[in-house]
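See below for the structure under consideration.
The values are calculated or read from the model by the stated rules, or taken from the named source; none is laboratory data. Keep in mind that this is a model prediction, so the values were computed, not measured. So basically every Cβ, Gly included, is an ideal-geometry build from the backbone, and we count neighbours across all protein chains shown. SASA here: full protein model, heavy atoms, side chains in, ligands and nucleic acids out. Shrake-Rupley method; radii C 1.70, N 1.55, O 1.52, S 1.80 Å.
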Amino acid sequence: MSKTDTTDTTDAPDASSAPGDEAAGADLSTAPKEETLGGPTLGVVGWVRWFWRQLTSMRVALILLFLLSLGAVPGSLIPQSSADEMKVADFKKAHEALTPLYEKLQLFDVYSSVWFSAIYILLFVSLIGCIVPRTWQFVGQLRGLPPGAPKRLTRLPAYTTWRTEAAPEEVHEAALAVLKGRRFRARTAGDAVAAEKGYLREAGNLLFHLALIVMLVAFAWGQLFKSEGGKLVVEGDGFSNTLTQYDDFKSGSQFAVDELEPFNFTLDSFTGTYEKSGPQRGTPRTFEAAVTYTQGDGADKKAVIRVNEPLKLGDSKVYLIAHGYAPVVTVKDRQGKVVFNGAVPLLPIDNNITSTGAIKVMDGYRDKNGDKEQLGFKAFFVPTFAGAGKGSMFSQFPALDFPVMALTGYHGSLRVDSGLPQNVYQLDTSKMTQFKVDGGTGVAQRMVPGETMTLPDGAGSITFEKDIKEWASFQVSQQPGNGLALSGAVAAIAGLTGSLFIQRRRIWVRAVRGEDGTTVVEMAGLGRSESAKLPEELADLAVALTAQAPQAPEPAEAEAEASEGVEK
Amino acid sequence: MILAAETNESLAQMSNTLVYSSMAVYTLAFLAHIAEWVFGSRSKVGRTAAALTQPAAAAAKVTVQVKGAGGTTVLDRPKVVTRAAAGARDVPDGPGAAGGTVKGDLYGRIAISLTVLAFALEAVGVVTRAISVQRAPWGNMYEFSTTFSTVAVGTYLGFLLAKKNVRWIGLPLVTTVLLDLGVATTWLYTESDQLVPALDSYWLWIHVSTAIFCGAVFYLGAVATLLYLFRDSYENKLANGGEPGSFARSVLERLPSAASLDKFSYRVNAAVFPLWTFTIIAGAIWAGDAWGRYWGWDAKEVWSFITWVGYAAYLHARATAGWKGRKAAYIALIAFGCFLFNYYGVNIFVSSKHSYAGV
Ligand code: HEM
């Protein structure tokens with residue numbers, strides 16, 4: 001396929017050995033020079049310097065990148081407490097033998113563990129240690145001039161030559177004009193023109209690595225100052241953004257409570273629709289929470305919060321997280337006095353919103369002796385009942401097509417004052433007795449809306465009202481640093497694009513008077529990495545240059561020689 | 001309402017038929033590629049060995065520049081000599097699967113024509129599926145998989161159209177496309193349907209389309225990387241005076257040189273890396289809208305991150321002395337393995353916020 005390059009038979013594989021050639025490729029990038037792993041020189045300073053040099057070397061950066069990805073793996077396979085405490089608890093129960101080891105290794109908190117932090121902190125120290133000197137070097141390169149031509153241009157990755165009748169000085173001048181016209185930085189050095197272009201590659205690379213640091217800082221900032229709270233709101237109820245109103249609240253260590261954005265909102269209605277038929281029957285189609293909100297002392301405004309569309313209120317965002325049903329019940333005592341009336345939010349336990357929960361009557365109820373007592377009901381609710389005698393009590397569809405609720409009643413003490421935190425969705429029956437008919441079977445009833453269950457011995461009644469409300473739970477997040485993270489991300493992509501798509505390259509044009517009186521023009525190009533574009537660009541430049549330095553008609557023998565040299 | 005549903009169902013039906021037809025045509029393309037390789041094995045060129053045993057012969061390769069006005073003024077076109085960078089082995093590319101034989105070449109062309117046909121069928125199948133559900137066709141793994149192979153083949157055909165030397169990728173590509181479609185139609189199949197609300201966002205278009213595109217291009221890069229490793233050991237063996245087996249002599253000899261394969265895989269991997277970075281960032285922005293935090297170390301996020309770091313390590317390795325070549329290639333393959341795991345492994349085995357209806 002390829003014939004011997006007769007002008008250069010001796011130097012085939014090893015092109016960089018000729019004197020003067022090394023400078024040609026020098027400083028084409030600011031990547032640190034690889035040093036051989038020499039031991040440290042004696043003394044503390046020697047050790048520190050050695051350690052620093054290792055840490056900021058490309059090899060160690062590579063190893064740290066490896067460790068970072070390796071270290072991220074266990075967190076995706078083992079449940080993490082930052083994501084789901086319940087799962088962690090389940091896992092601990094199921095793997096009792098492993099748990100102590102895992103805890104010691106911080107495997108339930110991988111991403112905030114000491115070892116994971118160590119890896120990325122080392123990586124970023126290495127990164128800074130790498131960027132700073134590279135930036136200075138790059139500034140130096142911007143101020144400097146492209147290096148002079150190597151002795152033998154034929155050794156470079158792309159090369160072309162022709163003879164012209166124009167004088168060498170004319171060729172040099174034309175070459176300078178052509179190269180500068182194409183935005184090369186060019187100068188004449190000795191018998192050749194040296195030019196360089198594509199500094200943006202290096203700039204892009206530095207920008208990219210800098211942007212990584214910006215993103216890390218933004219991420220850390222967000223972790224320190226963020227706050228995140230959850231609140232369940234029943235239709236018709238409201239929420240105002242103060243700490244006491246939250247069901248649960250987490251914040252970064254630097255967060256101050258007075259930073260909570262002042263606003264409140266009321267959930268006007270929640271709408272959920274579901275696929276009615278087909279294999280995906282029951283799959284949610286829309287979730288919408290219509291709210292009326294007020295910011296500070298402002299006027300009421302209306303908004304709709306959807307799953308992907310949080311409501312933005314100043315620095316806070318209100319997200320729609322979950323929803324469920326809240327049946328309305330009325331509890332009356334033996335005299336028919338209402339002791340409880342309200343919507344009781346129940347927690348879904350499956351995709352068809354089969355729900356469970358507890359109804360607690362704290363005060364106002366007196367038993368037949370007139371003594372204060374508390375009532376509790378275990379509630380089991382399905383929005384779409386399969387029908388009596390048809391299989392289980394579980395819901396068949398998530399919408400309110402055939403709502404049914406089963407209640408079991410208890411009386412006694414709810415133990416709300418026991419000092420232990422109580423789950424509002426669960427009944428602690430340790431100090432309660434179930435209502436029983438004549439001391440026999442327990443009272444439990446399956447009811448449809450509008451139905452009333454009478455408690456035995458004239459103990460009162462509970463009514464499952466026709467109006468069933470829905471609830472929605474919201475997450476209110478405040479995460480500073482988002483804007484910074486986004487700017488970092490945009491800068492990273494821009495820098496990366498520059499770094500990977502721009503080719504930094506050098507072109508040399510040498511023109512010397514040949515023995516026959518014509519001028520021999522040689523052009524060669526060298527890139528940071530091999531690129532198919534370099535020869536093309538070189539040819540383009542050569543075409544442009546031949547306008548000023550046209551090819552001289554070839555003498556017969558010379559032609560044969562030249563074509564042997566460069567053609568196949 | 002019912003009428004509309006029926007049209008949609010018939011469209012979905014049509015989409016399935018198209019995907020099955022494309023599988024049939026891909027199978028024919030596969031057979032034609034096999035024929036190409038079989039007939040091509042009759043050529044005995046052995047130019048790699050020649051190039052390696054006579055180093056001088058390898059010094060120069062000639063490219064004739066064709067750019068410029070006119071095109072008839074051949075005399076004015078400079079001839080540019082290119083050569084490998086210092087220290088690199090300079091070996092000519094193999095002749096391709098057809099091995100320079102006329103019959104092999106004929107079958108190769110047939111295979112490509114069939115691939116074009118199958119690609120068209122599959123692409124229309126994906127589009128009809130999208131129309132049948134009136135949304136982006138990326139709601140479940142069946143739809144991801146069909147789009148994925150369509151994009152991979154489309155990219156390959158694009159390279160061919162741009163006159164790049166990529167015909168060698170034909171057989172491995174068609175083979176894996178058949179595998180991908182087989183898995184998609186048997187195990188991952190989901191009836192066409194609406195999106196769950198969590199997926200219903202314009203970020204779906206942005207984030208998922210770029211993710212699929214990146215996957216397809218990373219895949220092409222991985223094929224090239226794998227072939228590079230084989231071809232490189234073949235060349236090493238020859239250079240050290242070894243005697244490669246007859247399979248290597250026949251098959252690997254016809255592949256492009258290790259340097260070309262390496263360059264190809266670097267270029268495609270490097271070219272999509274910024275897009276992959278963008279994909280992750282777009283996903284983070286979407287997560288910020290949907291879940292109230294842009295980064296939460298969810299399994300899918302973790303594996304996207306691992307993949308990203310993997311490819312960053314690959315790019316670094318190529319700039320690190322002692323890590324170029326084979327070691328960098330292994331890193332690239334591991335990075336692609338992470339991508340695959342993120343797709344199949346995380347979707348199927350790991351519970352994640354990214355679990356959608358019907359896998
Ligand atoms: C957070 C970790 C890092 C990431 C994700 C990262 C990513 C990247 C990427 C994707 C490139 C490819 C650009 C190209 O090929 O031109 C690159 C290039 C480079 N990186 Fe990093 N990097 C990281 C840390 C470091 C560190 C710690 C160093 C210092 C030793 C470093 C030094 C370099 C150098 C010198 C280049 C340019 C190589 C060349 O000129 O081809 N990087 N980096």
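Residue count for the range A:355-384 satisfying the condition of being at pLDDT below 90 and either touching a Pro at 6+ places or on another chain (Cβ under 7 Å) or not in a strand (DSSP E or B) (or both): 10. Counting only strands (runs of 3 or more DSSP E) that sit wholly inside the range A:430-469, those with at least 1 residues that are within 20 Å of A:Tyr325 (Cα to Cα) are A:444-447, A:452-455. I'd like to know if the range A:421-428 contains one or more residues that are in a strand (DSSP E or B) and within 48 Å of the chain's Cα centre (by Cα). No, that holds for no residue.
Would you call A:Phe402 in the same structural domain as A:Gly450 (by TED's automatic domain parsing), closer than 21 Å to A:Thr330 by Cβ and modelled with pLDDT of 85 or more? Considered against the rule, which asks whether it is in the same structural domain as A:Gly450 (by TED's automatic domain parsing), closer than 21 Å to A:Thr330 by Cβ and modelled with pLDDT of 85 or more, A:Phe402 comes out as no. Restricting to the range B:223-251, name every residue that is open to solvent by less than 10 Å² (accessible area, probe 1.4 Å) and within 14 Å of B:Lys327 (Cα to Cα). Residue satisfying the conditions is B:Thr225 alone. Pick from the range A:182-223 the residues that are away from the ligand (no atom under 16 Å from the Cβ) and on the phi > 0 side of the Ramachandran plot: which of them is nearest to the chain's Cα centre (by Cα)? Out of the qualifying residues, it is A:Arg183.
Specify which of the listed residues (A:Ser69, A:Ser76, A:Ser57) is within 14 Å of another protein chain (Cβ to nearest Cβ), open to solvent by less than 80 Å² (accessible area, probe 1.4 Å) and in contact with a Pro (Cβ under 8 Å, 6 or more places away or on another chain). That would be A:Ser57, the only listed residue that is within 14 Å of another protein chain (Cβ to nearest Cβ), open to solvent by less than 80 Å² (accessible area, probe 1.4 Å) and in contact with a Pro (Cβ under 8 Å, 6 or more places away or on another chain).
Checking A:Phe265, A:Phe287, A:Phe249 one by one, the residue that is in a strand (DSSP E or B), of a type in the set (Phe, Trp, Tyr) and at pLDDT 90 or above is A:Phe265 and no other. Of the residues B:Tyr311, B:Tyr344, B:Tyr330, the single one that is open to solvent by less than 50 Å² (accessible area, probe 1.4 Å) and more than 7 Å from chain A (Cβ to nearest Cβ) is B:Tyr311. For the range B:264-294, how many residues are open to solvent by less than 10 Å² (accessible area, probe 1.4 Å), over 30 Å from A:Glu309 (Cα atoms) and facing another protein chain (nearest Cβ under 9 Å)? The number of residues fulfilling the criteria is 1. In the range A:476-501, the qualifying residues are those that are closer than 16 Å to B:Trp286 by Cα and at the interface with chain B (Cβ under 9 Å from one of its Cβ atoms), and the one that is farthest from the chain's Cα centre (by Cα) is A:Ser477. Could we say that A:Leu70 is modelled with pLDDT of 85 or more, in the same structural domain as A:Arg134 (by TED's automatic domain parsing), within 16 Å of the ligand (Cβ to nearest atom) and within 30 Å of B:Trp297 (Cβ to Cβ) here? The answer is yes for A:Leu70. Within the option set A:Leu216, A:Leu200, A:Leu210, being open to solvent by 60 Å² or more (accessible area, probe 1.4 Å), in a helix (DSSP H, G or I) and more than 30 Å from A:Leu541 (Cα to Cα) holds for one residue only, A:Leu210. Scanning the range A:55-100 for residues that are in a helix (DSSP H, G or I) and more than 30 Å from the chain's Cα centre (by Cα) yields A:Lys93, A:Ala94, A:Pro100. Taking into account only those residues within the range A:520-533 that are open to solvent by 10 Å² or more (accessible area, probe 1.4 Å) and touching a Pro at 6+ places or on another chain (Cβ under 8 Å), which is modelled with the highest pLDDT? For the range A:520-533, the residue satisfying everything is A:Leu526. With a requirement of 2 or more residues that are touching a Ser or Thr at 6+ places or on another chain (Cβ under 6 Å) and away from the ligand (no atom under 16 Å from the Cβ), the helices (runs of 4 or more DSSP H) lying completely within the range B:234-326 that satisfy it span B:299-318.
Each residue in the range A:154-183 was checked for being in contact with a strand residue (DSSP E or B) (Cβ under 8 Å, 6 or more places away or on another chain), away from every other protein chain (no Cβ under 12 Å) and small (Gly, Ala, Ser), and 3 pass.
Remark: A:Leu496 falls outside the filter, which requires a residue to be in a helix (DSSP H, G or I), touching a residue at least 24 places away in the same chain (Cβ under 8 Å) and open to solvent by 50 Å² or more (accessible area, probe 1.4 Å). Screening the candidates A:Ala326, A:Ala289 for the property of being in contact (Cβ under 8 Å) with a residue 40 or more places away in the chain, over 29 Å from the mean Cα position of the chain (by Cα) and open to solvent by less than 40 Å² (accessible area, probe 1.4 Å) yields one hit, A:Ala326.
Counting only residues that are without any contact (Cβ under 8 Å) to a residue 24 or more places away in the chain, surrounded by 19 or more Cβ atoms within 10 Å (Cβ to Cβ) and either under 20 Å from the mean Cα position of the chain (by Cα) or within 27 Å of B:Trp37 (Cα to Cα) (or both), the range B:111-142 holds 0 of them. Of everything in the range A:106-139 that's open to solvent by 40 Å² or more (accessible area, probe 1.4 Å) and more than 14 Å from the ligand (Cβ to nearest atom), which residue is farthest from A:Leu216 (Cα to Cα)? Taking the candidates together, the pick is A:Val139.
Here A:Lys151 fulfils each of the conditions (1) within 12 Å of the ligand (Cβ to nearest atom); (2) open to solvent by 30 Å² or more (accessible area, probe 1.4 Å); (3) away from chain B (no Cβ under 14 Å) apart from (1). The set of residues from the range B:74-110 being within 14 Å of chain A (Cβ to nearest Cβ), crowded, with 22+ Cβ neighbours inside 10 Å and either outside any loop (DSSP other than H, G, I, E, B) or at pLDDT 80 or above (or both) comprises B:Val80, B:Val81. Restricting the first member to the range A:56-76 and to residues that are farther than 16 Å from A:Leu107 by Cα, and the second to residues that are small (Gly, Ala, Ser) and more than 13 Å from the ligand (Cβ to nearest atom), the beta-carbon pairs closer than 9 Å and six or more apart or on different chains are A:Arg59/B:Gly322.
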